Amino acid sequence: ILLRNFGIYSVSEFNKIAQTICPNLIDYVYRSTPRTKLGGKIYTATEYPADRNIPFHNENAYSKSWPEKIFFFSVIVASEGGETPIADSRNVYKRINNSIKEKFEQNGILYVRNYTSGVDLSWQDVFQTDQKDIVNKYCQDNDINYKWNNTGPELTTNQICQASITHPISGEPVWFNQAHLFHISALEENDRLALIRELGEENLPRNTFYGDGKPIEAEVLSHIREAYNQEKIKFKWHKGDIMILDNI
């Protein structure tokens, strides 16, 4: 749902609307991208360079818990670009080849994250704490395997999560993961090669595999990305726009 021309222009007004619709807003813990907290449970969108694109994804689909809804508020409109394209994950599911879906659904998706100082997000940012025992408990409570290292990455985590889920209301199957986003191939070639050269493939800040640990084929990831692109809906933001999405 896109709300336009409702005269909402401040973050505090947006916060009231979000809390009215969803009283139990959640904090952004177990983070994936850099964002700034603006107060309450409101954050900036992912802070990436203006010339980059963010791949399609369902929020927190790289984990086993996620928000049912997500809200976007256009405070400042970009002079050019700056859109937030969306896609229907039910239709994405339908577009993906059945044999690919079956392989993912049988094995799940293995997400591997390495936390190396100065590279990508720190574990302190991701888990929103500087206490290792709090990280340990979070991992234990959320079925995340973790290992503190003496050399190389300070912390390594891995977790097998779902490839698809059933929508709790409509009963429809939904493509629900971030395999294509976390995979090293999501980076531009220069960035990818520089990271591999500097860290080694086993220490990359994030990567994905089939749940059995086998590599995901490049052509499979390309097929998935194309399925999203085929379902892309894009529009120009207006100042004060609020977009409410079913995150599932």
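The values are calculated or read from the model by the stated rules, or taken from the named source; none is laboratory data. Bear in mind that the values here come from a model prediction, so they are computed numbers and not experimental data. Note that each Cβ is placed from the backbone with ideal geometry, even for glycine, and that neighbours are counted across all protein chains shown. SASA here: full protein model, heavy atoms, side chains in, ligands and nucleic acids out. Shrake-Rupley method; radii C 1.70, N 1.55, O 1.52, S 1.80 Å.
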| task | Could you tell me whether the range 158-181 includes any residue that is farther than 21 Å from E201 by Cβ and of a type in the set (D, E)? | result | yes
| message | Please verify whether E154 is at pLDDT below 95, more than 20 Å from the chain's Cα centre (by Cα) and among the acidic types (D, E), treating the condition exactly as stated. | response | no
| task | For D51, work out the one condition from (1) exposed (fewer than 15 other Cβ atoms within 10 Å of the Cβ); (2) touching a residue at least 60 places away in the same chain (Cβ under 8 Å) it doesn't fulfil. | result | (2)
| Residue check, P85 against (1) surrounded by 14 or more Cβ atoms within 10 Å (Cβ to Cβ); (2) at pLDDT below 90; (3) within 18 Å of D246 (Cα to Cα), all met but one. Which one? | (2)
| query | What number of residues in the range 88-138 are open to solvent by 80 Å² or more (accessible area, probe 1.4 Å) and in contact with a Gly (Cβ under 6 Å, 6 or more places away or on another chain)? | reply | 0
| request: Could you name every one of the strands (runs of 3 or more DSSP E) located completely within the range 144-248 that has at least 2 residues being surrounded by fewer than 14 Cβ atoms within 10 Å (Cβ to Cβ)? | output: 145-148
| message | Which numbered condition in (1) in contact with a helix residue (DSSP H, G or I) (Cβ under 9 Å, 6 or more places away or on another chain); (2) β-branched (V, I, T); (3) closer than 29 Å to K132 by Cβ is the only one that T44 fails? | response | (1)
